[in-house]
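Asks: Shown below is the structure under consideration.
The values are calculated or read from the model by the stated rules, or taken from the named source; none is laboratory data. What you are looking at is a predicted structure, and each value in this text was computed from that prediction instead of being measured. Because the Cβ atoms are built from the backbone with ideal geometry, glycine has one as well, and the counts that use them run over all protein chains shown.
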Amino acid sequence: MKTFHTEHTHAPETILDITMRDMRADDLPDVLTIERASFPTPWTEGMFLDEMRHPFCYDLVGIVEGRIVGYISFAIVFDEIHLRNIAVSEDRRRCGVASKLLLCMIEVSSQMGVRYGTLEVRESNKAALELYKRFGFVVKGARPYYYSDTGETALIMWADF
Ligand SMILES: CC(C)(COP(=O)(O)OP(=O)(O)OC[C@H]1O[C@@H](n2cnc3c(N)ncnc32)[C@H](O)[C@@H]1OP(=O)(O)O)[C@@H](O)C(=O)NCCC(=O)NCCS
């Protein structure tokens, strides 16, 4: 699986004005700046490094004018994709960056024969909920107190691709 990942994303792919490529260790200072501004309990550097080493995990960055403006992390296991993380720099939100990252995820997924997508999202995260609905995800369940930092409920979303 990872072989395909490498082939697909090491040749930088430009979708409109955003270049997508694999996340690298030297991207982490920029990625962590976005991550820490985006989440109450941000992923650590070690978590991103573990993710990048994992054979089932895919981590892509979106670059505009030479700067990392967002990233996405997902895992593919058999015919299912799990969206694990996505964030966009605050000054680049509402410009379609997350949509491009999700499109890239779906493109990779379709080439891998993925049929289903799943993710968890905080109940209060209206921006993410709206974004995911646009991509065909629907709420299929809830996990109360899922997020230990705030005790918030996670909504479980599901998509049939
Ligand atoms: C959620 C997030 C990734 C969206 O990124 P983005 O690049 O701004 O999203 P896009 O510009 O591609 O938006 C696509 C659509 O999603 C919806 N959307 C995005 N942000 C929204 C907001 N703040 N309020 C309502 N709808 C929103 C809209 O339908 C939007 O289309 P429109 O702009 O034509 O109305 C971004 O707000 C972010 O990084 N948030 C912090 C991290 C986070 O919550 N990640 C998700 C964890 S589950």
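Asks: Which condition from (1) modelled with pLDDT under 95; (2) closer than 18 Å to residue 134 by Cβ; (3) surrounded by 15 or more Cβ atoms within 10 Å (Cβ to Cβ) is the one that residue 16 breaks?
Replies: So residue 16 meets the others, but not (3).
Asks: Among the residues of segment 85-126, which ones are without any contact (Cβ under 8 Å) to a residue 12 or more places away in the chain and not assigned by TED's automatic domain parsing to the domain that holds residue 43?
Replies: 125, 126
Asks: Applying the selection to segment 111-161, what residues are away from the ligand (no atom under 12 Å from the Cβ), small (Gly, Ala, Ser) and either buried (at least 17 other Cβ atoms within 10 Å of the Cβ) or outside any strand (DSSP E or B) (or both)?
Replies: Within segment 111-161, 113, 117, 136, 148, 151, 159 meet the criteria.
Asks: Right, something else. Among the residues of segment 49-60, are any under 17 Å from residue 114 (Cβ atoms), touching a residue at least 40 places away in the same chain (Cβ under 8 Å) and within 14 Å of the ligand (Cβ to nearest atom)?
Replies: Within segment 49-60, one or more residues are under 17 Å from residue 114 (Cβ atoms), touching a residue at least 40 places away in the same chain (Cβ under 8 Å) and within 14 Å of the ligand (Cβ to nearest atom).
Asks: For segment 80-101, give me each residue that is more than 6 Å from the ligand (Cβ to nearest atom), surrounded by fewer than 21 Cβ atoms within 10 Å (Cβ to Cβ) and part of a helix (DSSP H, G or I).
Replies: The answer is 90, 91, 92.
Asks: Out of all the residues in segment 37-44, is one or more among the β-branched types (Val, Ile, Thr), at pLDDT 95 or above and either under 14 Å from the mean Cα position of the chain (by Cα) or not assigned by TED's automatic domain parsing to the domain that holds residue 100 (or both)?
Replies: No, because not a single residue in segment 37-44 is among the β-branched types (Val, Ile, Thr), at pLDDT 95 or above and either under 14 Å from the mean Cα position of the chain (by Cα) or not assigned by TED's automatic domain parsing to the domain that holds residue 100 (or both).
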